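Chemist: Here you go, one structure.
The values are calculated or read from the model by the stated rules, or taken from the named source; none is laboratory data. Remember, predicted model here, so these are calculated numbers, not experimental data. With ideal geometry, Cβ positions are generated from the backbone for all residues, glycine too; neighbour counts draw on all protein chains shown.
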């Protein structure tokens, strides 16, 4: 029998209704956008009798602070919690490290530092994801590295793979950076565009942005002859899921992210391989990093602390991974809360057992390039302003009529606020 996270969440939310009128002193409410946390809550509640965790689901947990109510959640687990407006709502967790119940060495240093504000640890990382390129195992011999590929290597390998007929029409195209606008965005991060929260919504390095645009345009023209040729090839051939596209041998690479790839069944992962995308040995961590924190006005701090300590234990995350596999979920999330664990040991010891394709491919701490602190509505900003701008600037030879990012941002500000 197969289950889904929706059915699991329905059961857990039903328990919220049962308990809402009789909430005890040692009950805690956990607000999250991660469906997998429903399973973790059940594990936690069955592991001890002192505390009881109840889950509440919200697509963007950061919105909980827009209109605070009396019965605020005790714990928030999700992305976009680190910006200046929201972080004041969290309790400092320094004491968990001071009394050695948590050890900084267990976490990825860059991710832990991102939750540290002015010398105090308000948020703890839970999970993260990375960008990658997929390819068929048939083409393993073409890869110069067993672990990562630089954007320059992807460009060159793609060019070498290109095939054209007598009419100059592509019958195979290694890769186009314009097939997915998020790839261009990833390149911009690797070039240190440094998107960051700012009083005017966000800031960025315009020189690095321009470098990105010129790099992508040069790639399209000098590697794939033109943006029209790339678009024509995409229209003709690239209509299947990425894991199928590379096995047809029409293209060498497809771009995706770890949470999308490793959510696939092992059957679909057969005959494919991947490499992390890097530039100067840095892999750009996806912006949507999940953090956990305790609401500063929580009346159940002991219980909230108990859950966080339980969640961030190596052996308990092993149980979470095992339970997820045994439940045979129809919409299985990747790893811990939809990503790699923030605990290095969990990724090293347990992930390859559940995701065999990860053998020899685990990310190393020194390669991670985390994002800066970003606004809580960053996904909307990125979707409505940044990605369209990057797409238009890299798709047109004459960019004089392309609306600037500054104007797009100003218009978006009016709509959002």
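Chemist: Has segment 271-283 got any residue that is outside any loop (DSSP other than H, G, I, E, B) and more than 25 Å from residue 143 (Cβ to Cβ)? Show your work before the answer.
Modeler: Step one: of segment 271-283, the residues outside any loop (DSSP other than H, G, I, E, B) are 272-279, 282-283.
Subsequent filtering for residues that are more than 25 Å from residue 143 (Cβ to Cβ) retains none.
Taking every residue of segment 271-283 in turn, none turns out to be outside any loop (DSSP other than H, G, I, E, B) and more than 25 Å from residue 143 (Cβ to Cβ).
Chemist: Shifting gears a bit: Only one residue in 405, 390 is assigned by TED's automatic domain parsing to the domain that holds residue 278, closer than 25 Å to residue 183 by Cα, crowded, with 20+ Cβ neighbours inside 10 Å and in contact with a helix residue (DSSP H, G or I) (Cβ under 7 Å, 6 or more places away or on another chain). Which one? Walk me through it before giving the result.
Modeler: Numbers: 405 fails: crowded, with 20+ Cβ neighbours inside 10 Å.
Result: 390 is the single residue among 405, 390 that is assigned by TED's automatic domain parsing to the domain that holds residue 278, closer than 25 Å to residue 183 by Cα, crowded, with 20+ Cβ neighbours inside 10 Å and in contact with a helix residue (DSSP H, G or I) (Cβ under 7 Å, 6 or more places away or on another chain).
Chemist: Further question on the same structure: Tell me which of these residue 254 doesn't satisfy, since it passes every other one: (1) under 16 Å from the mean Cα position of the chain (by Cα); (2) buried (at least 21 other Cβ atoms within 10 Å of the Cβ).
Modeler: All conditions are met except number (1).
Chemist: Here is a further query. For segment 211-237, how many residues are crowded, with 16+ Cβ neighbours inside 10 Å and farther than 19 Å from residue 185 by Cβ?
Modeler: Residues meeting the conditions: 5.
Chemist: Counting only residues that are modelled with pLDDT of 95 or more, in the same structural domain as residue 27 (by TED's automatic domain parsing) and under 22 Å from residue 36 (Cα atoms), give me the helices (runs of 4 or more DSSP H) lying completely in segment 68-128 with at least 1 of them.
Modeler: Values: elements: 84-87, 94-98, 109-114.
Those helices (runs of 4 or more DSSP H) span 109-114.
Chemist: Looking at this structure, is residue 324 under 21 Å from residue 124 (Cα atoms) and assigned by TED's automatic domain parsing to the domain that holds residue 90? Can you show your working first?
Modeler: Values: under 21 Å from residue 124 (Cα atoms): no; assigned by TED's automatic domain parsing to the domain that holds residue 90: yes.
In short, no.
Chemist: Additional query: Whether any residue in segment 242-261 is within 22 Å of residue 385 (Cα to Cα), part of a loop (DSSP other than H, G, I, E, B) and out of contact with any strand residue (DSSP E or B) (no Cβ under 6 Å at 6 or more places or on another chain) is what I want to check. Spell out how you get there, then give the answer.
Modeler: Initially, segment 242-261 is screened for residues within 22 Å of residue 385 (Cα to Cα), giving 255-257.
Adding the requirement that they be part of a loop (DSSP other than H, G, I, E, B) leaves none.
Looking through segment 242-261, none of the residues is within 22 Å of residue 385 (Cα to Cα), part of a loop (DSSP other than H, G, I, E, B) and out of contact with any strand residue (DSSP E or B) (no Cβ under 6 Å at 6 or more places or on another chain).
Chemist: Within segment 42-54, is even one residue in a loop (DSSP other than H, G, I, E, B), closer than 18 Å to residue 336 by Cα and in contact (Cβ under 8 Å) with a residue 60 or more places away in the chain?
Modeler: Initially, segment 42-54 is screened for residues in a loop (DSSP other than H, G, I, E, B), giving 48-51.
So of that shortlist, the ones also closer than 18 Å to residue 336 by Cα come out as none.
No; the residues of segment 42-54 include none that is in a loop (DSSP other than H, G, I, E, B), closer than 18 Å to residue 336 by Cα and in contact (Cβ under 8 Å) with a residue 60 or more places away in the chain.
Chemist: Determine which single condition residue 354 fails, assuming it passes every other condition in (1) within 30 Å of residue 226 (Cβ to Cβ); (2) free of Cβ contacts under 8 Å to residues at least 40 places away in the same chain.
Modeler: The one condition residue 354 does not meet is (1).
Chemist: Still on this structure, please answer the following. Looking for whichever is under 26 Å from residue 286 (Cβ atoms), crowded, with 16+ Cβ neighbours inside 10 Å and free of Cβ contacts under 8 Å to residues at least 24 places away in the same chain here; the options are 193, 186. Which one fits? Lay out the reasoning, then the answer.
Modeler: Details: 186 fails: free of Cβ contacts under 8 Å to residues at least 24 places away in the same chain.
Answer to the check: 193.
Chemist: Could you grab me the full set of residues in segment 321-337 that are within 20 Å of residue 129 (Cβ to Cβ) and touching a strand residue (DSSP E or B) at 6+ places or on another chain (Cβ under 6 Å)?
Modeler: The first filter runs over segment 321-337 and keeps only residues within 20 Å of residue 129 (Cβ to Cβ), leaving 321, 324-325, 329, 331-337.
Within segment 321-337, 329, 336, 337 meet the criteria.
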